[in-house]
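Trainee: Quick one: the structure is below, questions incoming.
No value in this document is a laboratory result; all are computed from the given coordinates. Since this is a predicted model, take the numbers as computed values, not measurements. Here the Cβ positions follow ideal geometry from the backbone for every residue, glycine too, while neighbour counts run over all protein chains shown.
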């Protein structure tokens, strides 16, 4: 999926900027501002329909709170560990999407395959976190990476609902604008804004790949839903780890690779879960009568309503 590749590139660029000492507020504020500007220009060229004010405000808030928060946590994890470790820990989020859907949103109860996926996800993240080797991350980095996974799971679930019926590019532009405002505001309050120096080329690339990834993510959410989109987006882990090895020289140890395989296996299991078939509605037994005609097969109440 091109969106996953785009996110994979942003991980590597973010790691470069983190290694260079650029603060999260500065890097992310510019990243999202560039993405929002590019998408706004494309929308103007397309002459896309305007989004209703209430919906636009909700999407701005989704970016300011959800994506800006997730990106800040992930960037902080990149400052405390390698890109490979951060991305593999982050990919506990597809299992979290499933768990939150059941426990909070009252979706159907997880089947044994779902439970197996959750166990694999936990085992995989534990292997990545505790194994010694060339792939390293601090304890605080683990907390930031897993916190980022939790926030992103909530972001995907909320994004599916808030973006329903809205053009994917318009959604991406509003979320990016909200994320830019959130990151800049956080930096202004904490004194985390700084000069990017000579890193404008990387920052522009950061924003361009973000614009593409955002648009493709919301297009996928509209077509596949949160669960299947989160599974497809696991390709980001493959792209990110491969690019980190090729461009950043970050090797991957055997135990970390096994942990990553467990996380990816969990997402494959989640993808293979099929919705439970609808159960017939049982009617109360009636007393037999010589005039009673055979009852018609029961149907859901929604189909009987006019």
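Trainee: Please arrange 111, 55 by counting, for each residue, the other beta carbons lying within 10 Å of its beta carbon, fewest first. All intermediate terms of the calculation are to be shown ahead of the outcome.
Mentor: Working: 111 12, 55 17.
Taking fewest neighbouring Cβ atoms as first place, the list is 111, 55.
Trainee: What is the order of 263, 97, 142, fewest Cβ neighbours within 10 Å to most? Don't jump to the answer; show the numbers that get you there.
Mentor: Details: 263 29, 97 26, 142 21.
With the fewest neighbours first, 263, 97, 142 line up as 142, 97, 263.
Trainee: At 0.36 nm per residue, and after removing the present C-alpha to C-alpha distance, how many nm does the segment from residue 113 to residue 49 gain when stretched out fully? Provide the component values of the computation, followed by the final result.
Mentor: Numbers: separation 64, 0.36 × 64 = 23.04 nm, distance 4.22 nm.
Contour length minus the Cα-Cα distance gives 18.8 nm.
Trainee: Oh, and also: Along the Cα→Cβ direction, 7 angstrom out, place labels at residue 205 and residue 223. What is the inter-label distance in nm?
Mentor: 2.8
Trainee: Now for a different question. For the stretch 13-150, what number results from the quotient of the Cα radius of gyration and 2.2 N^0.38 Å? Provide the component values of the computation, followed by the final result.
Mentor: Numbers: Rg = 18.1 Å, N = 138, 2.2 N^0.38 = 14.3 Å.
For the stretch 13-150, the normalised Cα radius of gyration is 1.27.
Trainee: Sticking with this one: Ranked highest first by average number of other Cβ atoms within 10 Å, how do 32-45, 210-223 line up?
Mentor: Numbers: 32-45: 18.9, 210-223: 22.7.
Top to bottom by mean Cβ count within 10 Å: 210-223, 32-45.
Trainee: Here's a follow-up. Would you kindly calculate the translational diffusion coefficient of the stretch 1-42, applying Stokes-Einstein with the Kirkwood radius from alpha carbon pairs, for 4 °C and a viscosity of 1.567 mPa s, and quote it in µm² s⁻¹ without decimals? Please list the in-between numbers first.
Mentor: Details: Rh = 11.2 Å.
It comes out at roughly 115 µm²/s.
Trainee: Could you give the C-alpha radius of gyration of the stretch 2-274 expressed as a fraction of 2.2 N^0.38 Å, taking N as the number of residues it contains?
Mentor: Details: Rg = 17.7 Å, N = 273, 2.2 N^0.38 = 18.5 Å.
So the stretch 2-274 has a normalised radius of gyration of 0.96.
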